[in-house]
Amino acid sequence: MELCPCDSGESYQNCCAPLHKNKAKAKTPEALMRARYCAYVTADIEFIAKTQTTSNENFDAAAAMKWAKESKWKGLKIIKTSIAPKKDQGMVEFVAHYQDQNEKNFYHHEISDFVFRNDQWLFDKGTIVGLDPIKRSQPKVGRNDDCPCGSGKKFKKCCG
């Protein structure tokens, strides 16, 4: 029995394969998230494209295929899930672990939003968690630069 790459503990044939083969629809946002992760593992980018809303018109299938094929997928951890009271919106926070071609380990931490439309769950948008670098609003002032306060002194002797 081949375990499903989504780490559900079930076999792939009983877990994500029916969704990939259009024999079933995801019953929850988490089930769709797991199937989408497995689609990256199996490089089934067509499944990724068809299980998202039209708000993702800028989806780059070629880039997704490249990422899927060049990565060695190491596991999926679901952190938190929720479904809105009207049961037409859901959220899944997850971390996907993978290695690049140089065997460097990475993780993709995301909060994904899902919507229930036309009798199926669809991925709507995702927010990356904690990967953006800190950006300065103004250029860095060096110790020996003139102080930005306008005193005419070196920064290290004034405000630094």
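The values are calculated or read from the model by the stated rules, or taken from the named source; none is laboratory data. Predicted, not measured: the structure shown is a model, and the values here were computed from it. Here the Cβ positions follow ideal geometry from the backbone for every residue, glycine too, while neighbour counts run over all protein chains shown. Accessible surface areas use protein heavy atoms only, side chains included; no ligands, DNA or RNA. Shrake-Rupley method; radii C 1.70, N 1.55, O 1.52, S 1.80 Å.
A few points about this structure:
- Residue order for Arg36, Arg117 - accessible surface, 1.4 angstrom probe, largest first: Arg117, Arg36
- Sum of -39500 (n - 2.57) over DSSP H runs of 4+, divided by residues of the chain (222 nm, nearest 500): -5500 deg cm²/dmol
- Net charge, Thr81 excluded, C-beta distance under 9 Å - Lys, Arg +1, Asp, Glu -1: -1
- Estimated FRET transfer efficiency (Ile128, Asn105; beta-carbon r; R0 22 Å; 0.05): 0.80
- Gyration tensor (alpha-carbon) shape descriptor, the chain, a/c threshold 1.5: prolate
- Between 0 and 90°, nearest 10: helix 29-41 axis offset from the chain longest Cα axis: 80 degrees
- If the segment from Lys74 to Lys27 were pulled out straight at 0.36 nm per residue, it would be longer than the present Cα-Cα gap by 14.4 nm.
- Accessible surface computed residue by residue for the range 19-68, with neighbouring protein chains in place and a 1.4 Å probe, gives 54 Å² per residue.
- Solvent exposure, largest accessible area first (probe 1.4 Å, DNA, RNA and ligands not counted), of Thr28, Thr127, Thr51: Thr127, Thr28, Thr51
- Computed on protein heavy atoms with a 1.4 Å probe, the accessible areas place His20, His97 in the order His97, His20, largest first.
- Residues considered: Cys38, Cys147, Cys15. Largest GNM mean-square fluctuation over the chain, using C-alpha springs under 10 Å, is found at Cys147.
- Between helix 61-70 and the chain: long-axis angle, C-alpha atoms, 0 to 90°, nearest 10: 90 degrees
- Simple Cβ-charge dipole of the chain, Lys/Arg +1 and Asp/Glu -1, about Cα centre, in debye nearest 20: 760 debye
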